[in-house]
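Below: the structure, in structure tokens.
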Amino acid sequence: MIPRATPLAFAAATLIAWALLLGLVTDRAELFVAAVPLAAGLLGVGPRTRAPRFELRQELSADRLAEGDRVVVSVHVAASDPAPMIEILVALPPLIEIAAGSNRVVLAVGPGTEESWSFAVLCPARGRFDLGTVYLRVWDRSGMAVSESRQASAQPISVYPYAAPIRHVPRPARTQLSFGNYVSPLLGEGIEPGEIRPFLPGDRTRRINWRVSLRRQQLYVTQFHEERNADVVLLLDALSDSGAAPYSTLDASVRAAAALAGAYLARKDRVGFVEFGGFLRWINPATGQRQGAALVESLLPAATHFSYVVPQLDRLPARVLPPQALVIALSPLLDRRFVTALIDLAARGFDVVVLAVSPIEATRLVLGGSLLDDVACRLWAMEWQTKLDGLRRQGLAIVEWHPGTPLDAVLAPIARSRPRPVARR
Amino acid sequence: MNRWWPLLPISVMAAVPIWVAPSAPVVALEAVACLFCALGVFRRRVGPVTAGGCIAMIGYTFAVWSTNHAVDVIGAAIFGLALLFVLDVSEFARRFHGAQIANDVMRAQTNYWLGRAALVAGAIAVLTLGGSAVAAIVPGSGRAVIAGLGAVIAFAGALYGGIVRRPS
């Protein structure tokens, strides 16, 4: 840190020179006297042998939090030399807001002492952020000299998407082999009673239906349906985004994906994830808490990336999109490539449900709210509805979601009954 | 720091020349100087404050030149101190705008400013006494040379101390 003269020093020098010039021209001693305080101010700069040495330490109250949470940043400054005026600015990444206190302070630190201050920041949007960049200015008491430096130590925080609890989710049309919560058409070990048939050698006696057996005077057994789980793949459209973070359609889609992943994992289903954007990212379907954490981690950096390459789902490994999986696509349906991929998936026999995230509200938030904007949004809403109707006619099961409404309420009708879709290319 | 604070030294800076010579040109010049300084304070720019100081000094020069009275050391010292405070306070408010300033920093800074003002007043008194003594000893033609040399040395010293000097 090399001290340098501040604009104040140059201003004082200018005024001294001006006073001396005017004094010489007019031959008046008052102007020389008036220059004395300014010269004294300029000479009042402290010793500039070296900048004071101090150590800066930063602590965060949490490094993993959900959208809308607060984190308290504590900064500790310990000096070995006297530092009469240290200005400290903790750089905040975009989207991080000050909730309480200030991220810029001016402190005085004595030799061998430590000063601390704290402030709270609000994290309204998902993502990975670094709060470790700190800018320091050590001011001379006169204000005529300053030394500046920058300290960067990694202080990462991860802000996870808010996952609203949902009770109603689309029921998968087909089940898998592992134990789960769905009643399978297959008969076997389970608790859901199915057909009744005559007793055969090898049947377990505890399955004998005594009431029917007495009525028919012949042994009958009750068969049970198996409870099985399902494979669910969340297909996130990262080809298009509308609005500004944290209220963009992609943010809403990510929140919905997190909520759906949590709900399906709670039902013991295997949940996978595919980000369909500038490049393909995926997570193989699996179940359990670890998979839940992996899914949320993979949702965190979801963003639109420009690419000339058209992503194709048929290039995915087969285990990423299991043949009998329920595919839930989350998209504002603005990009034709994603719509084509959905129709292809449905035509290949996948059980596809599209959660269409309305882009109108997200866009309206960033517009001025003029009459022209309002008319444009209404026209766009009508056009978007027409597009949805066209896709429904092509055989896609589409759930329309306006991010202001609760996701659970939107999914409830489709969770109760869902027509078997037959897609046409 | 409240941005209204610099208005106090600005008003003192403008009042001294008007008190010396309450003529229309001086009032007009000081009004313009005040406007420039206020613009610099509220727009948080050093340039307009410096320009305002220069204009105020022109007004003060015109005032002392037009009255042609004996040398007013006290008025000049007050004017110079006011100029220094205008620069200091406006710059302090500018550079720490939006920052949270610790109470002990504010207290220490105020003490520093007041202490420096006292020192400057003492220095001016010593210089005045020294000047009177020199005036009694040195003949008339030599006084201008000594005054000029003193001014040049003071300016060079201030420049070296405040701007040019680098860490060893």
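FYI, it's all coordinate maths here, none of it is from the lab. Keep in mind that this is a model prediction, so the values were computed, not measured. Ideal geometry is used to build each Cβ from the backbone, glycine not excepted, and the neighbour counts take in all protein chains shown.
Give me, ordered by chain and number, the residues 5 or more places off A:Asp81 or on other chains with an amide H under 5 Å from its own placed amide H.
When sequence neighbours closer than 5 places are left aside, the close amide H contacts are A:Arg53, A:Gly112.
May I ask you to derive the FRET efficiency for A:His305 and B:Arg107 from their Cβ-Cβ distance with R0 = 45 Å, giving the value to the nearest 0.05?
Calculated transfer efficiency: 0.25.
Working out 0.36 nm times the residue gap between A:Ser74 and A:Ala245, then minus their Cα-Cα distance, what length gain in nm do you get to one decimal?
58.9 nm is the gain from fully extending A:Ser74 to A:Ala245.
Can you give me the angle between helix A:29-43 and the longest principal axis of chain A, using Cα atoms only, in degrees from 0 to 90, rounded to the nearest 10?
40 degrees
Would you mind checking the tilt of helix A:249-266 against the longest principal axis of the Cα atoms of chain A, expressed as 0 to 90 degrees and rounded to 10?
With both axes taken from Cα atoms, the answer is about 50 degrees.
Can you sort A:Phe179, B:Phe92, A:Phe306, A:Phe199 so the residue with the fewest Cβ neighbours within 10 Å comes first?
Taking fewest neighbouring Cβ atoms as first place, the list is A:Phe306, A:Phe179, A:Phe199, B:Phe92.
Can you tell me the FRET efficiency between B:Ala135 and B:Val12 if r is taken as the Cβ-Cβ distance and R0 is 25 Å, rounded to the nearest 0.05?
Efficiency, rounded to the nearest 0.05: 0.30.
Taking the Cβ-Cβ separation of A:Arg393 and A:Arg150 as r and a Förster radius of 41 Å, what is the calculated FRET efficiency to the nearest 0.05?
In this case the efficiency is close to 0.10.
In nm, what is the difference between 0.36 nm times the number of residues separating A:Val25 and A:Ser178 and their Cα-Cα distance?
That works out to 45.1 nm of additional length.
Apply the a/c threshold of 1.5 to the C-alpha gyration tensor of segment A:289-346 and tell me whether it is rounded, prolate or oblate.
Here segment A:289-346 falls in the oblate category.
Under the rule of -39500 (n - 2.57) per DSSP H run of 4 or more residues, summed and divided by the residues of chain B, what mean residue ellipticity at 222 nm is obtained, to the nearest 500 deg cm²/dmol?
Per the formula, -28000 deg cm²/dmol.
Going by a ≥ b ≥ c, the root eigenvalues of the Cα gyration tensor, does chain B fall in the rounded group (a/c under 1.5), the prolate group (a/b larger than b/c) or the oblate group?
Oblate shape, in that a/c is at least 1.5 and b/c is the bigger or equal ratio.
Using only Cα atoms and rounding to the nearest 10 degrees, what angle (0 to 90) does helix B:7-20 make with the longest principal axis of chain B?
Computed tilt is about 30 degrees.
In debye, nearest 20, what is the charge dipole magnitude of chain B about its Cα centre with +1 on Lys and Arg Cβ and -1 on Asp and Glu Cβ, if you could check?
540 debye
At 7 Å along the Cα-to-beta-carbon direction for both A:Glu189 and A:Ser116, put a label point, then send me their distance in nm to one decimal.
Once both label points are built, they end up 5.7 nm from each other.
Return B:Thr67, B:Thr128 ranked ascending by Cβ neighbour count within 10 Å, so the fewest neighbours appear first.
B:Thr67, B:Thr128
Over chain A, what is the mean sequence separation of C-alpha contacts under 8 Å (at least six apart), divided by residue count, expressed as relative contact order in percent?
12 percent
Obtain the nm distance between the two label points defined at A:Thr405 and A:Arg319 by a simple spin-label model: each point lies 7 Å from its Cα along the Cα-to-C-beta direction.
The modelled label-to-label distance comes out at 4.0 nm.
Which shape class applies to segment B:46-143: rounded if a/c is under 1.5, otherwise prolate when a/b exceeds b/c and oblate if not, where a ≥ b ≥ c are the square roots of the Cα gyration tensor eigenvalues?
oblate
With label points built 7 Å along Cα→Cβ from the Cα atoms of B:Leu39 and A:Leu367, find their separation and express it in nm.
My value for the distance between the label points is 4.1 nm.
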